[in-house]
1. I want the local charge near H172. Using Cβ-Cβ distances under 15 Å, sum +1 for each Lys or Arg and -1 for each Asp or Glu among the other residues.
2. Using just the helices of the chain, give the 222 nm mean residue ellipticity in deg cm²/dmol: DSSP H runs with n ≥ 4 each add -39,500 (n - 2.57), and the total is spread over all residues, rounded to 500.
3. Quick check: the distance between the Cα centres of segment 86-104 and segment 1-68, to the nearest angstrom?
4. How much of the DSSP bridge set in the chain is antiparallel, in percent, rounded to the nearest 5?
5. Taking the Cβ of Q163 as the centre, find all other residues whose Cβ is under 11 Å away and add up their charges (Lys, Arg: +1; Asp, Glu: -1).
6. When E90, E193, E127, E122 are ordered from fewest to most other Cβ atoms inside 10 Å of their Cβ, what list results?
7. Projected onto the charge dipole of the chain (+1 at Lys/Arg Cβ, -1 at Asp/Glu Cβ, origin at the Cα centre), which of N188, T175, A20 gives the Cα projection farthest towards the positive end?
Amino acid sequence: METVDGARTAASTLVLREGAEGIEVLMLRRHADVPSAPRSLVFPGGTTDDADLRPENRVIAGIPDDLLADRWGFPSAGVAAAVALRELFEEAGLLCTSRPTGQEQRNEWRAVAQKGASNFYEILSSEGLELAVHDLVYMAYWRTPEGRPRRYDTRFFAVRYPQDQVASCDGHETTEDFWITPAQALANFHRGEWSLLLPTRTLLAQLATFATIDEAFGHWASTAVTMVQPVDAVINGERVALLPDVH
């Protein structure tokens, strides 16, 4: 397990497509029994596994550690990319690789990969596949407030939806999947219909400002990413996370 400042490292991916009403993003509903953010709507993602940390696995996956570290500006960029794309496959069934793969194949591989992160890299090796890391756009970096029993140091990426594939929840950690515009997702939250964590709400609000995926990608590619660490406050007897400049 890799940690930064006591927070477990993680990565998450916003999968985007152009819809009739603008950009749509893939969201998954967390199972009611998971320890972190039960029932919340989230982007596909998860924490770093020991298998992601092994340099030989990133070589297998075709992940250029040094190049990504220079491009995105942090030393563990290669690991974060590996986690993002592995979790995207396990949680949403989307496999971003250097060449096309068949749906039946992906379904079989996904079942195996979900049994252990090392299996994911074994599949890539045996099939001669490399991950399409250059399709990822690094967009945000969040860390859980101090003092929480579960804390995460999370890198967020965005990627275009591979249209020859079908996204689906895993049926275990997540129970539903949705394609939705950011504005609709936020409206569901404000009506009390959806539970959204502060990072999710903030990224959805940012995404809602862009008319096209190209516009969003252009902005993120040209904007330096800085870490956001909310602060906890007690409001009406309930602990809530607030952005650092909110008092």
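FYI, it's all coordinate maths here, none of it is from the lab. Being a predicted model, the structure only gives us computed values, none of them experimental. Backbone-built Cβ (ideal geometry, glycine too); neighbour counts: all protein chains shown.
1. On the way: positive: R29, R30, R39, R110, K115; negative: D33, E87, E90, E91, D170, E173, E176, D177.
Combined, the nearby Lys, Arg, Asp and Glu give -3.
2. Numbers: 9 runs with 84 residues, N = 247.
Taken over the chain, the calculation gives -9500 deg cm²/dmol.
3. 13 Å
4. On the way: 29 of 40 bridges.
Here the share of antiparallel DSSP bridges comes out near 70 percent.
5. Working: positive: R17, R160; negative: E18, D164.
Overall, the nearby charge balance is 0.
6. Numbers: E90 23, E193 10, E127 13, E122 16.
Sorted ascending by nearby Cβ count, the order is E193, E127, E122, E90.
7. So the residue furthest toward the plus end is N188.
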